[in-house]
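Asks: Structure provided below as structure tokens; questions to follow.
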Amino acid sequence: MACNLAQQPHQTFNYLILLILTDGAIQDIEDTTDALVVASYLPMSVLIVGIGDADFQSMAFLDADDKVLRSTLGRPSERDVVQASGAVSAGSQRQARGGE
């Protein structure tokens with residue numbers, strides 16, 4: 001849906017920022033990768049924030065800071081459209097402070 005919105009013709013320049021909040025690993029990594037490659041050709045950015053204590057390795061893969069992200073068909077992304085960050089959960093903060 002965000003890609004469709006970004007593709008709409010506009011009279012003025014628009015830039016879309018998609019914020020994804022996730023509480024776990026990305027289950028549909030191939031579909032997500034394909035969608036992000038398409039998004040890299042549009043005036044948009046994607047911010048992925050991991051919430052909780054899950055393993056967010058797939059978010060690092062999608063961020064692709066050190067390599068070009070490629071779709072399942074081998075199409076390269078035009079630019080690094082994703083910024084990913086794992087957030088610290090409230091439970092982890094309490095534990096780090098001594099279990100308040």
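Asks: Compute the distance in nm between two label points, each set 7 Å from the Cα along the Cα-to-Cβ direction, one at residue 71 and one at residue 53.
Replies: For residue 71 paired with residue 53, the spin-label model returns 4.0 nm.
Asks: Determine which residues of the stretch 49-72 fall in the zone a paramagnetic label at residue 17 would reach in this model, i.e. backbone nitrogen under 17 Å from the point 7 Å along Cα→Cβ.
Replies: Answer for the stretch 49-72: 49-50.
Any read-out appearing in this document is the output of simple, stated calculations on the displayed coordinates, not a laboratory observation. Since the structure is predicted, the reported quantities are computational estimates derived from the model, not experimental observations. With ideal geometry, Cβ positions are generated from the backbone for all residues, glycine too; neighbour counts draw on all protein chains shown.
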